[in-house]
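In what follows, a single structure is set out as structure tokens and then discussed.
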Amino acid sequence: MNKPGKILIVDDEPANVRLLERILELSGFDQFVSTSDARQAVDLFQVFQPDLILTDLHMPHLDGFGVMAKIRALTGPQTYLPIVVLTADITPEMRRRALEAGATDFLVKPFDHMEVVLRIRNLLETRSPHVQLQQQNATLEERVRDRTSRLEEALSELKATQQQVIQQERFRALGTMAGGIAHDFNNALASILGYSELLLHSSDKSPEKITTYARTIVTAASDAARMVARLREFSRPATNSEFVQALNLNELVEEAVTLTLPKWKTGALASGLTIEIRTELGNIPPVQGDPAELREALFNLIFNAVDAMPAGGTIRIQTMVQGEGVRLEFSDNGTGMTEEVRQRCLEPYFTTKGNRGTGLGLAMVYGIIHRHAGKLEIQSQPGHGTTFNIDLSGCSHVPLASVPSQRKLERPLHILVVDDQPLLCQLLRESLSKDLHTVETAANGREALEKYRTGCYDLVLTDKAMPEMDSDQLAVAIRKLKPTQPIILLTGYGERAQEASPGTSAVDLVLGKPLSLGTLRQALVDVVAA
Ligand code: ADP
Ligand code: MG
């Protein structure tokens, strides 16, 4: 048999207690504790932790029911702890109550020695596997705790490593970016230094030479300044005044597709391939955002997709409701990206296109989405194309119908820029061609008029003060040729754009310099799409 268990005896009759002790001793049980004061039973139970309890039912201070109730309350329902009730006379009613209180078995006084021993043995044998199980459970729990704590340790180690990896990635991104900036800046500095030295040391100090050198220096310095502006653009935090507009994202998509037509359709066709853009625009609530920025993000995605489809292919742009917001799914079936490229493609200056790429496109996209409190997710596989998922928050409280319909350009414009400063001409040309407009430039009014006669322009953008023919004279001359010709005047004198008062000027709008890209874009819409 199993090792004899520990037994607790509770009976207010000392004679009974002694008798039971005797019976137990004779049968080889040597671990028992007894009391004739039932009030001590619970304390003894807790200290001694018996495997079996023998208790009388009728006792002063605390009867057997009380003892059982207290002990059962301590052990809980999971534990198999046999309690044997000792009683002289037991009515069926009493028996039922005792069972209810947690009694396992009964021994009737006077005791039959043999029966006492056999019942106790049986009950202890039944308890034994329960105890084993409990011990196993305890060990198991201990092991689980141990494993868990080791797992937690491993996890926190992993987190630390991950943090390190992220930190390293950041450094690498910073390195790529610093490298790119350094490269661009060095180019600018090389020109500035080179021409400054020429200015200082050249024997030819004629005013023309000096002007030429100084102009080159200014160009290089402006290049560098524009670089900084570009960098600032995608790290710029959103200001509060931004995003007051509710936008129709579907319209923006259609607009971006139209405006980029020259790149994806005409350009591709010219090189003998077909690129198709399929749009599936869902019934979506308006989104809050900056239309110019989101358009620019779309431009960049389209340009990249075209680059990724050297043999032609299909771009799919879908919009749909996603939770509280709106999702734009942009995918191409081009070359796709390796996992390494996918992870790095958002880094500023990261490009796989060598000199053809700037590596700023997706950094810009990311900056824009980030400023819109949106989310950008990229899936890509080499050979299987790329999908950009962009989640933006909707403003569902504004019903789409009430969104003011935005005026927009139907297509890129053909623009004549007139300025006697070549640098400004170039700047405008660059800014405008970024939005896919095509630009011709003229250095003065006379040249402008000549070009105007032979070309067909959607817009004339002219500086105010120019040699030979000032802008007013130019505007008047142009309007004579075509009275409805949209004309914007750039002036260095006024800071703010103003609607030209009819009659006083032949132009549609006066814009102050310096000019931000946003103002310029808005002006084009105001004047041409009016
Ligand atoms: P750039 O186009 O000047 O290289 P971007 O920041 O726009 O810079 O893109 C970074 C890089 O991400 C690209 O050089 C290219 O490797 C990868 N990439 C971006 N878009 C796609 C695309 N749609 N399919 C495959 N690769 C892409
Ligand atoms: Mg790009």
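The values are calculated or read from the model by the stated rules, or taken from the named source; none is laboratory data. Just so it is clear, the structure is predicted and the values come from calculations on it, not from any experiment. A quick note on method: Cβ atoms are made from the backbone with ideal geometry, for glycine too, and the neighbour counts reach across all protein chains shown. Only protein heavy atoms, including side chains, enter the accessible area calculation; ligands, DNA and RNA are left aside. Shrake-Rupley method; radii C 1.70, N 1.55, O 1.52, S 1.80 Å.
Numerical summary
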| read-out | value |
| --- | --- |
| Selection count, the stretch 238-271, where residues are modelled with pLDDT of 80 or more, open to solvent by 70 Å² or more (accessible area, probe 1.4 Å) and over 18 Å from F330 (Cα atoms) | 4 |
| Residues (under 19 Å from A178 (Cα atoms), open to solvent by less than 20 Å² (accessible area, probe 1.4 Å) and either more than 6 Å from ligand 1 (Cβ to nearest atom) or not assigned by TED's automatic domain parsing to the domain that holds L328 (or both)) located in the stretch 361-376 | M364, G367 |
| Flag if F388 is under 18 Å from V326 (Cβ atoms), within 15 Å of ligand 2 (Cβ to nearest atom) and in contact with a helix residue (DSSP H, G or I) (Cβ under 7 Å, 6 or more places away or on another chain) | yes |
| Test: L199 is modelled with pLDDT under 90, under 35 Å from the mean Cα position of the chain (by Cα) and surrounded by 15 or more Cβ atoms within 10 Å (Cβ to Cβ) | no |
| Test: Q78 is open to solvent by 60 Å² or more (accessible area, probe 1.4 Å) and not in a loop (DSSP other than H, G, I, E, B) | no |
| The listed residue being open to solvent by 20 Å² or more (accessible area, probe 1.4 Å), more than 16 Å from ligand 1 (Cβ to nearest atom), in contact with a Leu (Cβ under 8 Å, 6 or more places away or on another chain) and assigned by TED's automatic domain parsing to the domain that holds G385, out of Q288, Q318, Q322 | Q288 |
| Condition check for T87: surrounded by 14 or more Cβ atoms within 10 Å (Cβ to Cβ) and modelled with pLDDT of 95 or more | no |
| Those residues of the stretch 268-317 which are among the charged types (D, E, K, R) and either part of a helix (DSSP H, G or I) or touching a strand residue (DSSP E or B) at 6+ places or on another chain (Cβ under 7 Å) (or both), in sequence order | E276, R278, E280, E293, R295, E296, D307, R316 |
| Number of positions in the stretch 330-349 that are assigned to a loop (DSSP other than H, G, I, E, B) and either away from ligand 2 (no atom under 13 Å from the Cβ) or closer than 19 Å to D391 by Cα (or both) | 6 |
| Residue within the stretch 132-141 that is touching a residue at least 12 places away in the same chain (Cβ under 8 Å) and either open to solvent by 100 Å² or more (accessible area, probe 1.4 Å) or in a helix (DSSP H, G or I) (or both) present | yes |
| Qualifying residue in the stretch 406-413 (condition: at pLDDT 90 or above and within 22 Å of A529 (Cα to Cα)) | yes |
| Single residue of the stretch 291-303 satisfying the filter (within 8 Å of ligand 1 (Cβ to nearest atom) and under 22 Å from the mean Cα position of the chain (by Cα)) that is surrounded by the most Cβ atoms within 10 Å (Cβ to Cβ) | L301 |
| Single unsatisfied condition, M309 versus (1) within 16 Å of ligand 1 (Cβ to nearest atom); (2) open to solvent by less than 30 Å² (accessible area, probe 1.4 Å); (3) closer than 17 Å to A363 by Cα | (3) |
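The rows are residues; the columns are (1) at pLDDT 90 or above; (2) under 42 Å from the mean Cα position of the chain (by Cα); (3) closer than 24 Å to P291 by Cβ.
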position	(1), (2), (3)
A443	no, no, no
A465	no, no, no
M469	no, no, no
A477	yes, no, no
P486	yes, no, yes
Q522	no, yes, yes
D526	no, yes, yes
